[in-house]
Amino acid sequence: MDGKFFLYRVLRALVMVFYGVFKPFRIVNRENIPEGAAVICANHTGFTDPFYMAFAVPPKYHLCLMAKQELFRFKPLGWILRGIGTFPVDREHADVNAMKNALTVLKSGKKLGIFPEGTRTHADGEVSPKAGAVRLAEKTGAPLVPMFIPRKKRLFRRNTVVVGKPVYLDRAVKRSREELERIADDLMDKIAALGHNTLVKG
């Protein structure tokens, strides 16, 4: 176990204690997270979403998150984020370094956490998802794993996170930009459906 994975597991365990008391959670279909590299894709509605994503991924896996570069400007926070394997991305421009880091994570067999919408949203479909996650899956063969995180995280009541079935892309197929964007849209539809089904089932 490398140092970043060790620190990640320690911080994950500590934060889980807090959330277990104040904002408890339930993970549905965790078994859908496969062995090996995978791109974990979730909706993004609040600053605590990365924590819930980490809780949903079994602790035996190292989840490396792609996070907005603004978070790294506060040096103590940036040190912690880098220390657990999180890396920055420029959301306003094509960030070659972020893509290289993401490819390194996946090629090493780790889990990569991405919020395809690129920013926090207040409603489903508020913004069009970026196709970066789909491009990474296409390049590496790692599956896309949809994950729904509830919009409202309730105090002292269980918050349900749902993991969907992995989506595999055929690496032999060369896709246009429009096709990649369509797959990204379909992925967000799958994520929204996970949330809708949870609400219907109660």
Give the order of Leu81, Leu65 when sorted by the count of other beta carbons within 10 angstrom, beginning with the fewest.
Leu81, Leu65
Candidates Lys110, Lys130, Lys174, ranked by Gaussian network fluctuation over the chain, Cα under 10 Å, top entry
Lys174
Charges at C-beta only: +1 for Lys and Arg, -1 for Asp and Glu. How large is the resulting dipole of the chain about its Cα centre, in Debye rounded to 20?
760
Checking the cross-link filter: which aspartates and glutamates have an alpha carbon closer than 20 Å to that of Lys4, excluding same-chain neighbours under 8 positions apart?
Glu35
Sorted by Cβ density within 10 Å, fewest first, the residues Ile40, Ile33
Ile33, Ile40
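Multiply the residue gap between Phe156 and Arg26 by 0.36 nm, knock off their C-alpha separation, and tell me the result in nm, one decimal place.
Computed gain between Phe156 and Arg26 is 45.6 nm.
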Report the residue, chosen from Pro88, Pro50, Pro58, that carries the largest GNM mean-square fluctuation when the chain is represented by alpha-carbon nodes joined by springs under 10 Å.
Pro58
Can you classify segment 71-173 as rounded, prolate or oblate using the Cα gyration tensor, where a ≥ b ≥ c are the square roots of its eigenvalues, rounded means a/c under 1.5, and otherwise it's prolate if a/b beats b/c and oblate if not?
oblate
In the Gaussian network model of the chain, springs joining C-alpha atoms below 10 Å, which of Ala102, Ala13, Ala56 carries the largest mean-square fluctuation?
Ala13
If you average the sequence gap of Cα pairs under 8 Å that are 6 or more apart and divide by the length of the chain, what percent do you get for the contact order?
30
Assuming R0 = 35 Å, can you tell me the calculated FRET efficiency for the pair Asp185 and Tyr19, based on Cβ-Cβ distance, to the nearest 0.05?
0.65
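Since every read-out is calculated from the coordinates, none of them should be taken as a lab result. Treat the numbers as computed from the prediction; the structure is a model and nothing was measured. Every residue, glycine as well, gets a Cβ built from its backbone with ideal geometry; the counts of neighbours run over all protein chains shown.
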